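For reference, the structure discussed in these notes is given below.
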Amino acid sequence: MSLVSLTETAAQKVRQLMDRDGREGYGLRVKVVGGGCSGLQYELMFENAPADWDQESEHFGVPVFVDSKSAVYLAGSSVDYVDDLNGSGFKIENPNATSTCGCGESFGA
């Protein structure tokens, strides 16, 4: 089982953004950092290679990198991309989150 999975919709959007930015061969880093109204928040960024202690997986052709500190908070999470009347963006479903803020940008564990 992967630490963090991407839906097919999210993977398509990530590939589209990497193509737009000329980042062929890059992967998606999913990270947890301190901050936000609930104490922890997600960061998504492109990286050209995993770091030494990263856990790496691939979903629909997109490499996904997670560092060992973030892995504790992200195990079993799924990244989706939504585009609806309320807006568009990446949405993380995290079974480890014990609380979330109203805007969905941060969580508590």
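General observations
- Residue match in segment 21-34 (condition: aliphatic (A, V, I, L, M), modelled with pLDDT of 95 or more and surrounded by 17 or more Cβ atoms within 10 Å (Cβ to Cβ)): yes
- Residue in segment 35-63 that is surrounded by the most Cβ atoms within 10 Å (Cβ to Cβ), counting only those that are more than 17 Å from Met18 (Cα to Cα) and polar (S, T, N, Q): Ser38
- The C-beta contact set for segment 23-51 (first residue more than 13 Å from Ala11 (Cα to Cα) and of a type in the set (S, T, N, Q), second residue at pLDDT 95 or above and assigned to a loop (DSSP other than H, G, I, E, B), distance under 8 angstrom, 6+ apart or interchain) comprises Asn48/Arg23; Asn48/Tyr26.
- Neighbours by Cβ (under 7 Å, 6+ apart or cross-chain): first from segment 72-92, free of Cβ contacts under 8 Å to residues at least 60 places away in the same chain and closer than 15 Å to Leu40 by Cα; second outside any strand (DSSP E or B) and not polar (S, T, N, Q): Tyr73/Ala109
- Among residues of segment 65-93 being at pLDDT 90 or above and assigned to a loop (DSSP other than H, G, I, E, B), the one that is farthest from Glu8 (Cα to Cα) is Asp67.
- Residue check, Ser57 within 10 Å of Val4 (Cβ to Cβ), part of a strand (DSSP E or B) and not hydrophobic (A, V, I, L, M, F, W, C): yes
The values are calculated or read from the model by the stated rules, or taken from the named source; none is laboratory data. In this text the structure is predicted, and so the values were computed from the model without any measurement. As a convention, Cβ positions derive from the backbone with ideal geometry for all residues, glycine included, and neighbour counts pool all protein chains shown.
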